[in-house]
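The values are calculated or read from the model by the stated rules, or taken from the named source; none is laboratory data. Since the structure is predicted, the reported quantities are computational estimates derived from the model, not experimental observations. Neighbour counts are summed over all protein chains in view; Cβ atoms, including those assigned to glycine, are modelled from backbone coordinates with ideal geometry.
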């Protein structure tokens, strides 16, 4: 992460901005941990309406929201490492792309969410995610994968695990790494969110 980018992008204040609209319409969670104590970041991307955000002129702020989440889980990871609670500085990203569709997620402007995030991640948080797990990735998600996969470094492409809609398959994979009380119900766990 460069100091110049951090300053130019206003990262010192990103956690203190008013994100209430995004918390409601584009939620993510960073309060669970895997069996090794490493933080988990969960996005239900398929439920996000990227076209609406684009039509309302909020796409750049939505991208900033995703960067805010990345910074948040990265900070939690560093804090746990500095406290000696984990042996490493990586976290796990789980993205549910159920309900992902071309109309809401693949408009030309919408694709910038994927390209900007992949570029930002590789430039400023390279290797931060031990695994990037996509669940419920149907054929409609292939176009998005084809856009952002080439932007990922070889280690990030190796970290990328893509599961289709077979819940038994991806749920077994997640539960081998993460206790059920650390995952929401829609991810095969028992954790509840308001």
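Any residue in segment 70-88 that's on the phi > 0 side of the Ramachandran plot: show its pairings with residues that are part of a helix (DSSP H, G or I) at Cβ separation under 8 Å, as long as the two are six or more apart or on different chains.
Final answer for the pair search is 88/81.
Per-residue answers, yes or no, for (1) in contact (Cβ under 8 Å) with a residue 24 or more places away in the chain; (2) in a strand (DSSP E or B):
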{"site": "15", "(1), (2)": "yes, no"}
{"site": "18", "(1), (2)": "no, no"}
{"site": "23", "(1), (2)": "no, no"}
{"site": "29", "(1), (2)": "yes, yes"}
{"site": "32", "(1), (2)": "yes, yes"}
{"site": "37", "(1), (2)": "yes, no"}
{"site": "42", "(1), (2)": "yes, yes"}
{"site": "46", "(1), (2)": "yes, no"}
{"site": "52", "(1), (2)": "yes, no"}
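Among 97, 73, which is the only one that is within 11 Å of residue 41 (Cβ to Cβ) and within 15 Å of the chain's Cα centre (by Cα)?
Of the residues listed, the single one that is within 11 Å of residue 41 (Cβ to Cβ) and within 15 Å of the chain's Cα centre (by Cα) is 73.
What's the number of the condition residue 108 fails, among (1) within 24 Å of residue 165 (Cα to Cα); (2) free of Cβ contacts under 8 Å to residues at least 12 places away in the same chain?
(1)
Could you please find all residues in segment 174-188 being under 26 Å from residue 121 (Cβ atoms), in a loop (DSSP other than H, G, I, E, B) and at pLDDT 90 or above?
Hits for segment 174-188 are 178, 183.
Report the residue count in segment 150-194 for those that are within 23 Å of residue 117 (Cβ to Cβ), surrounded by 12 or more Cβ atoms within 10 Å (Cβ to Cβ) and without any contact (Cβ under 8 Å) to a residue 24 or more places away in the chain.
Here the count works out to 1.
Could you please let me know if residue 70 is at pLDDT below 95 and not in a loop (DSSP other than H, G, I, E, B)? Full working, then the answer.
Numbers: at pLDDT below 95: yes; not in a loop (DSSP other than H, G, I, E, B): yes.
Yes: the conditions hold for residue 70.
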